[in-house]
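The values are calculated or read from the model by the stated rules, or taken from the named source; none is laboratory data. Just so we're clear, the structure is a prediction, and the values are computed from it rather than from any experiment. Here the Cβ is made from the backbone with ideal geometry for all residues, glycine too, and neighbour counts use every protein chain on show. Side chains included, ligands, DNA and RNA excluded: accessible areas come from the protein's heavy atoms. Shrake-Rupley method; radii C 1.70, N 1.55, O 1.52, S 1.80 Å.
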Amino acid sequence: QSQETSTSHCEGCGSLSVIRNIQETYGVSVCTVCRKEPGYRLVTRTDAKAKYLLQDQDLQELGRIEKPHPNKLYTRPMQLFLEKQVQGVAWIKHGGEEGIETAKQKQLDRRIEKSNAKRKNVQKQMRKEKKVKQTIQEQIEREKEHVHEFGEELYDDEEDVYRKTCMTCGLKMEYEKL
């Protein structure tokens with residue numbers, strides 16, 4: 001499937017047998033032996049984005065080979081990029097190898113910070129829920145132990161009802177006498 005042709009020389013070793021579809025897609029002359037060397041390997045879109053911290057728009061101008069995804073039949077085709085070209089875009093975007101490493105460290109720091117914030121939020125929510133449960137439990141315990149001691153019974157002429165209030169907890173009862 002590699003379809004070799006002898007129209008130009010391999011950039012790696014100078015061989016006359018180069019892979020035609022790599023040459024046509026990526027504009028790079030490389031033979032089957034050198035294709036396995038770093039830089040001439042093909043990387044997936046996902047790996048290019050993860051390893052070199054690139055976005056889809058960064059890869060937009062690069063040549064690509066699309067193949068059916070080997071693991072997922074009903075998804076978009078797998079996109080393969082020449083690693084050497086992906087590295088070039090990453091170097092321009094991030095300012096070289098140190099820039100890529102700095103960007104990776106910043107990304108890691110953001111993830112850690114986000115994770116810590118989420119953990120703190122979860123802990124805060126758990127403390128809040130625990131406090132609510134504790135308050136409800138205390139209230140239930142008080143109600144179990146509490147016997148209402150009502151004060152003087154008062155009659156309301158306007159509404160024709162009697163009222164009395166618990167002197168301990170403030171519970172108000174309203175009732176009619178028959």
Under a 1.4 Å probe, what is the accessible area of the chain per residue, stated in Å²?
-> 77
What part of the accessible area of the chain, given as a whole %, is carbon or sulfur when the probe is 1.4 angstrom?
-> 50
For the residue pair Lys104 and Glu24, what label-to-label distance in nm results when each label sits 7 Å from Cα along the Cα-to-beta-carbon direction?
-> 3.6
Distance in nm between Asp160 and Met126 label points, each 7 Å along Cα→Cβ, equals 5.9
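Cβ neighbours within 10 Å, averaged per peptide: list 77-84, 164-171, 146-153 in order, most packed at the top. Before the final figure, lay out each step's value.
Details: 77-84: 19.2, 164-171: 12.8, 146-153: 10.5.
Order by mean packing, descending: 77-84, 164-171, 146-153.
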Please build a GNM for the chain, connecting alpha carbons under 10 Å apart, and tell me which residue among Asp160, Asp47, Asp58 fluctuates the most.
-> Asp160
From most to least accessible, 1.4 Å probe, no ligand or DNA/RNA atoms counted, Tyr155, Tyr74 line up as Tyr74, Tyr155
When all alpha-carbon pairs of the range 1-93 are counted, what percent fall beyond 23 Å?
-> 28
Arg20 accessible area, nearest 10 Å², 1.4 Å probe?
-> 100
Over the Cα atoms of the chain, how large are the radius of gyration and the largest Cα-Cα distance (Dmax), in Å?
-> 37.1, 114
Once all protein chains are kept in place, Ile136 shows an accessible area at probe 1.4 Å, nearest 10 Å², of 90
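When Lys and Arg each count +1 and Asp and Glu each count -1, what net charge do the other residues less than 15 Å away from Val89, Cβ to Cβ, add up to?
Working: positive: Arg45, Lys49, Lys51, Arg64, Lys84, Lys93; negative: Asp47, Asp56, Asp58, Glu61, Glu83, Glu97.
Overall, the nearby charge balance is 0.
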Can you flag which of Lys144/Lys164; Lys104/Lys130; Lys36/Lys72; Lys72/Lys118 are past 28 Å Cα-Cα?
-> Lys104/Lys130; Lys72/Lys118
Could you point to the residue in His9, Asn21, Cys169 farthest towards the positive end of the chain's charge dipole, with +1 and -1 charges on the Cβ of Lys/Arg and Asp/Glu respectively?
-> His9
Cα Rg over Rh - the range 55-148, Kirkwood | 1.42
What residues from the range 69-85 fall in the zone where the backbone N is under 13 Å from a label point 7 Å along the Cα-to-C-beta line of Thr44?
-> 69-81
